[in-house]
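*Asks:* After the structure tokens below, expect a handful of questions from me.
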Amino acid sequence: MKGTSLQILIVSLCLSLNAITFGQSPVESYVRPNSLKVGDTVAIVAPAGILKNRQASIQQATKVFSSWGLHVVLGKHLYAKDDHFAGTDAQRAEDFQKAMDDISVKAIWCARGGYGTMRILDMLDYSNFKKNPKWIIGFSDITAIHGKLHQLCIQSVHGMMPTGVEGQKEQSESTIENLESLKKVLFGEALHY
């Protein structure tokens, strides 16, 4: 068991342990966003670190999702820069909020981690998102968002990010495996370990 499959299993186990330890709702009662289907839209946003020299990876990730029949939109400030952040706190929050509120967007794929997500968590309004939950995908600093979604009892995916998709024609075996696991989760297919 490698990569995304292991990460998804770990998140599920952590949620179960939290439910037992802290008396929270069992994982089964967590809201599961709708599975994706061909034609759905996925937004790529950068709530944390700058995407310096990462255009090729983002393009490759967009091609992968497009090959799955998904439409990809990029956050307005995806390539913005403010020190080591992907734009100011306000710009990063704006992109994330727009993706959360846009009912045509069915999943949010965080471009990369690093640092900065904690700085925007309290700037986000989750009221529309709770009515229309969607998959949020990422790890590293994006775990802050997973934590917030855990408080809201909404499932999310602790999985690979677009910057992990090599900007080249040939993908490594581990990247292929991670992408296959991610696709299965997003499209509602069962994972077997």
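The values are calculated or read from the model by the stated rules, or taken from the named source; none is laboratory data. Please read all numbers here as calculations on a predicted model, not as lab measurements. Backbone-built Cβ (ideal geometry, glycine too); neighbour counts: all protein chains shown.
*Asks:* Taking the stretch 144-179 only, how many residues are β-branched (Val, Ile, Thr) and at pLDDT 95 or above?
*Replies:* Number satisfying all stated conditions: 3.
*Asks:* Could you look through the stretch 123-167, keep only residues that are among the polar types (S, T, N, Q) and in contact with a helix residue (DSSP H, G or I) (Cβ under 7 Å, 6 or more places away or on another chain), and pick out the one that is nearest to residue 84 (Cα to Cα)?
*Replies:* My answer is 163.
*Asks:* Mind checking whether some residue in the stretch 35-50 is at pLDDT below 90, out of contact with any Pro (no Cβ under 6 Å at 6 or more places or on another chain) and not charged (D, E, K, R)?
*Replies:* Among the residues of the stretch 35-50, not one is at pLDDT below 90, out of contact with any Pro (no Cβ under 6 Å at 6 or more places or on another chain) and not charged (D, E, K, R), which makes the answer no.
*Asks:* Further question on the same structure: What is the residue count in the stretch 60-96 for residues that are closer than 18 Å to residue 114 by Cβ and in contact with a Ser or Thr (Cβ under 7 Å, 6 or more places away or on another chain)?
*Replies:* The number of residues fulfilling the criteria is 1.
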